[in-house]
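> Dropping the structure in here first, questions after.
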Amino acid sequence: MRTADVSRCRAPGCKYQGCSRKGNSHIMKRWSILKASPVHISWISKSMKLEYIEISILSVITLVLVSCGPSGGLPSDTQTAVPTNTLPRTEVISTSSPIPEVPTSTTIGNQPGSTLVPTIDPSLAPFLPRPDLTPGAADPRVTQEDIHQTICVHGYTETVRPPESITEPMKKQSILVYGLADRKLGDYEYDHLIPLEIGGAPQDIKNLWPETHSGEWNSSVKDKLENKLNQLVCDGQLDLATAQQAVAENWIVAYLKYIGTP
């Protein structure tokens, strides 16, 4: 039966007796299905549209969240790593006390008779040997261990003192080298800077110089220092090397330290 006939069958007083709902129930059921199908299809289409809209919204939200990231920065897995093995910079603080400046001797040019002088009084230069000519020299045969067999034995210096026949020509030459205006040999003692009494070298030119007999710090004053240092060393109050170093550096300063004012 055609669809138009079925429609006519539904009207009151339908002439198609064989098309009654009761007599042709299977036809009516098929019609009901066909009639309901457009509504069902329309509902399915609306559902699909809703799902599509939901998926689209979720996609947009996801893209926004991913693109923004935390605090507008890079994603956490792309952040620049800060090295943790870098040692902190430390400030070195010195705890040591400043070293005080020690006064030293000064050189008075290269004038004749000039030498290292105590900083306390530069006028003492004429009484001191020039360190470039007479720095002092010790006798290697005299040691701290054998002082009681050498310098502490009475009369020792006479056994090692060179004769005048050797020292006299050396004395004349030294007066010329020092450039002294007074060239009278009798006005000077050809003295050992490190005295024989504490192990000075007897004939070494580096340990001999023309020492004046005049003035406040003359040769006789130095003789007192030589005897005093010998006493201190032999009594064990001063070691040999210290005594030799003190008189070689500045015998006047050594005198003031171990004896006092002349």
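The values are calculated or read from the model by the stated rules, or taken from the named source; none is laboratory data. Please read all numbers here as calculations on a predicted model, not as lab measurements. Positions of Cβ are backbone-derived with ideal geometry, glycine not excepted, and every protein chain shown enters the neighbour counts.
> May I ask you to list pairs of residues, at least six apart or on different chains, whose Cβ atoms are under 6 Å apart, with the first in the stretch 128-149 being assigned by TED's automatic domain parsing to the domain that holds residue 196 and more than 11 Å from residue 206 (Cβ to Cβ) and the second being buried (at least 20 other Cβ atoms within 10 Å of the Cβ) and of a type in the set (Gly, Ala, Ser)?
Note: pairs meeting the criteria are 139/199; 139/201; 142/199.
> Is it the case that residue 190 is of a type in the set (Phe, Trp, Tyr), assigned to a helix (DSSP H, G or I) and free of Cβ contacts under 8 Å to residues at least 40 places away in the same chain?
no
> Can you find a residue in the stretch 169-180 that is assigned to a loop (DSSP other than H, G, I, E, B), of a type outside the set (A, V, I, L, M, F, W, C) and within 15 Å of residue 133 (Cβ to Cβ)?
Yes - at least one qualifying residue is present in the stretch 169-180.
> Still on this model: Just for the stretch 96-134: of the residues that are exposed (fewer than 15 other Cβ atoms within 10 Å of the Cβ) and at pLDDT 95 or above, which one is nearest to the chain's Cα centre (by Cα)?
132
> Residues in the stretch 221-262 that are touching a strand residue (DSSP E or B) at 6+ places or on another chain (Cβ under 9 Å) and either outside the structural domain of residue 122 (by TED's automatic domain parsing) or over 12 Å from residue 127 (Cβ atoms) (or both): how many?
So the answer is 8.
> Of 224, 184, 228, which residue is among the basic types (Lys, Arg) and either closer than 14 Å to residue 134 by Cβ or surrounded by 15 or more Cβ atoms within 10 Å (Cβ to Cβ) (or both)?
228
> Hey, another quick one. In the stretch 199-238, how many residues are of a type in the set (A, V, I, L, M, F, W, C) and within 17 Å of residue 253 (Cα to Cα)?
6
> Now, a different point. Answer yes if at least one residue in the stretch 203-222 is touching a residue at least 40 places away in the same chain (Cβ under 8 Å), within 20 Å of residue 259 (Cα to Cα) and part of a helix (DSSP H, G or I), and no otherwise.
The answer is yes; a qualifying residue exists.
> Considering 181, 137, which residue is under 46 Å from the mean Cα position of the chain (by Cα) and either more than 26 Å from residue 260 (Cα to Cα) or modelled with pLDDT of 95 or more (or both)?
137
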